[in-house]
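The values are calculated or read from the model by the stated rules, or taken from the named source; none is laboratory data. All figures in this text were calculated on a predicted structure; none of them were measured in a lab. Glycine gets a Cβ as well: all are built from the backbone with ideal geometry, and neighbour counts include every protein chain shown. Keep in mind that these areas ignore ligands, DNA and RNA; they rest on the heavy atoms of the full protein, side chains included. Shrake-Rupley method; radii C 1.70, N 1.55, O 1.52, S 1.80 Å.
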Amino acid sequence: MKAVTYTGAREMTVLDQPKPKLKAPTDAILRVTTSGICGSDLHMYDGRTPLKEGTVVGHEIMGVIEQVGEAVQSIKKGDRVVLPFNIACGFCFNCLRGHTESCLTMNPEAPHAAYGYAGMGPYSGGQAEYVLVPYADFNCLKLPGTPGDQWEDDFLLLSDVFPTGYHATELAGVSPGKTVAIFGAGPVGLLAAYSSLLKGASEVYVVDGVPERLQKAKDMGAIPVNFREGDPVEQIFQLRKRNKGIQQSFRPGEEKMQGVDCGIDAVGYQARDDRDPGKEKPTQVLESVIRVVNATGQVGIIGVYIAPDPGARTEEAKKGIHPFPVADFFDKGLRMGSGQAPVKKYNEYLRDLIVNGRAKPGRIVSHHIRIDDAPDAYDKFDKRVEGYTKVLIRFDEKAAA
Ligand SMILES: [Zn+2]
Ligand SMILES: [Zn+2]
């Protein structure tokens, strides 16, 4: 089978790999119809997150079940399913409490597992024609429709970025009427904005430096803020000040609440320096989020912070240790949540929003490609050229139409 394989830094190659075989009676084999290239795949592509050469990548996977092990009960050949990027057992202490992002049994090296990802266990990725699904009963989400239908893109995004964007809003405490600032308008940031609006947030600001991404945020109903046009936190303060309805309803002291209730970091450690966007500043977004959130507000960190980072500039940063304005954080009495999304906690409900026409996350998809074009797409996505925001690899002939 054809599979996108990591063959070294800045080198993804489409290689002929053996088709997976069932290893346990609880496994299934999935014939992939669509697979996403994720912003987090770029950390490995860049060589910033070391991955074993020869690994098949891809953790955003959907398709049709080809074969099931004899112990699989609820999924059968021919079923259309999407997989959460988290691989989970369903029976450990964390899985039992809904924390499938932190499964204790699937990866001997760390409390989480995923398909085709550095440090996430020995699982092969799904940017390939077939993929092995462990504990198929627990990990497959059943989907209606047929491959290549009007939901193909929407459903694929249930594997990661839609639940991840939604999870960011949970970490940041977004609820009806609240004001939200999101840093980063990549797929996760955009879907965090979309989820905030679905939840009924009253004002949603999205900060980025790429005009095409800011336009997408605006099309969704968010307020775009370009950090290349000046300090984004100050821009948000000024935008809020111009909102007469809000200003006229302030009681004494409330004029100090010029920031927002909820802040989301959807960038992570490869943030750009606001003052010098050519340079990286790993703590730029963290600092901005803490500045922009009002006292007693809430912060969600969904952008990736990862160590070891051989590309970092200081010895401390290589170990993932960064300066953090803890005094301001404490002074404001903020709360903060972080980490990977427990996809299974949300994916059924988000699927039903899609099926009932209440959500259309596929609107963020910018490109559909064939697997042979994946190396080129990685390069373009990495350089953020030609509006490459979200690239999906189509395998199925019908799905490719
Ligand atoms: Zn992803
Ligand atoms: Zn588990």
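Quick check on segment 77-89. Is at least one of its residues open to solvent by less than 20 Å² (accessible area, probe 1.4 Å), farther than 25 Å from PHE155 by Cα and touching a residue at least 24 places away in the same chain (Cβ under 8 Å)?
no
For GLY121, state whether it is closer than 20 Å to LEU350 by Cα and at pLDDT below 95.
On the way: closer than 20 Å to LEU350 by Cα: no; at pLDDT below 95: yes.
Answer is no for this residue.
When segment 248-264 is examined, which residues are found to be at pLDDT below 95 and either surrounded by 23 or more Cβ atoms within 10 Å (Cβ to Cβ) or within 13 Å of THR179 (Cα to Cα) (or both)? Reasoning before the result, please.
Pass one, segment 248-264, residues at pLDDT below 95: 248-258.
The answer is MET257, GLN258.
Any residue that is part of a loop (DSSP other than H, G, I, E, B), under 24 Å from ARG363 (Cα atoms) and either open to solvent by 40 Å² or more (accessible area, probe 1.4 Å) or at pLDDT below 95 (or both) - is there at least one of those in segment 265-274? It would help to see each step written out before you state the result.
Within segment 265-274, the first condition is being part of a loop (DSSP other than H, G, I, E, B), and the residues that meet it are 266-267, 269-271, 274.
Subsequent filtering for residues that are under 24 Å from ARG363 (Cα atoms) retains 266-267.
Going one step further and asking which of them are either open to solvent by 40 Å² or more (accessible area, probe 1.4 Å) or at pLDDT below 95 (or both), we end up with 267.
Checked segment 265-274: at least one residue is part of a loop (DSSP other than H, G, I, E, B), under 24 Å from ARG363 (Cα atoms) and either open to solvent by 40 Å² or more (accessible area, probe 1.4 Å) or at pLDDT below 95 (or both).
Search segment 196-211 for residues being over 17 Å from ALA271 (Cβ atoms) and among the charged types (D, E, K, R), and hand back the single one that is surrounded by the most Cβ atoms within 10 Å (Cβ to Cβ).
Quick first cut of segment 196-211, residues over 17 Å from ALA271 (Cβ atoms) only: 196-204, 211.
With among the charged types (D, E, K, R) added as a condition, the list becomes 199, 203.
On the way: LYS199: 17, GLU203: 19.
This residue is GLU203.
For segment 94-106, give me each residue that is within 7 Å of ligand 2 (Cβ to nearest atom), open to solvent by 30 Å² or more (accessible area, probe 1.4 Å) and not hydroxyl-bearing (Ser, Thr, Tyr).
LEU104
I'd like to know if segment 281-296 contains one or more residues that are farther than 22 Å from VAL180 by Cβ and of a type outside the set (A, V, I, L, M). Step through it out loud before you land on a result.
Filtering segment 281-296 down to residues farther than 22 Å from VAL180 by Cβ leaves 281-282.
Still in the running and of a type outside the set (A, V, I, L, M): 281-282.
Among the residues of segment 281-296, at least one is farther than 22 Å from VAL180 by Cβ and of a type outside the set (A, V, I, L, M), which makes the answer yes.
Quick check: is even one residue across segment 283-299 buried (at least 22 other Cβ atoms within 10 Å of the Cβ), in contact with a helix residue (DSSP H, G or I) (Cβ under 8 Å, 6 or more places away or on another chain), over 17 Å from LEU334 (Cα atoms) and at pLDDT 90 or above?
No; the residues of segment 283-299 include none that is buried (at least 22 other Cβ atoms within 10 Å of the Cβ), in contact with a helix residue (DSSP H, G or I) (Cβ under 8 Å, 6 or more places away or on another chain), over 17 Å from LEU334 (Cα atoms) and at pLDDT 90 or above.
When you go through (1) within 12 Å of ligand 2 (Cβ to nearest atom); (2) closer than 26 Å to VAL365 by Cβ; (3) assigned to a loop (DSSP other than H, G, I, E, B) one by one for PHE91, which number turns out not to apply?
Here PHE91 meets the rest and fails (2).
Go through segment 107-116 residue by residue and tally those that are in contact (Cβ under 8 Å) with a residue 40 or more places away in the chain and either open to solvent by less than 30 Å² (accessible area, probe 1.4 Å) or more than 16 Å from the chain's Cα centre (by Cα) (or both). Full working, then the answer.
Here is the first cut: in segment 107-116, the ones in contact (Cβ under 8 Å) with a residue 40 or more places away in the chain are 112, 114-116.
If we keep only those that are either open to solvent by less than 30 Å² (accessible area, probe 1.4 Å) or more than 16 Å from the chain's Cα centre (by Cα) (or both) as well, we get 114-116.
Within segment 107-116, residues that are in contact (Cβ under 8 Å) with a residue 40 or more places away in the chain and either open to solvent by less than 30 Å² (accessible area, probe 1.4 Å) or more than 16 Å from the chain's Cα centre (by Cα) (or both) number 3.
Would you kindly identify the strands (runs of 3 or more DSSP E) lying entirely within segment 1-73 that contain at least 2 residues that are open to solvent by less than 30 Å² (accessible area, probe 1.4 Å), at pLDDT 95 or above and at negative phi? Break it down into steps so the answer makes sense when it comes.
Working: elements: 2-6, 12-16, 28-37, 60-68.
Hits in segment 1-73: 2-6, 28-37, 60-68.
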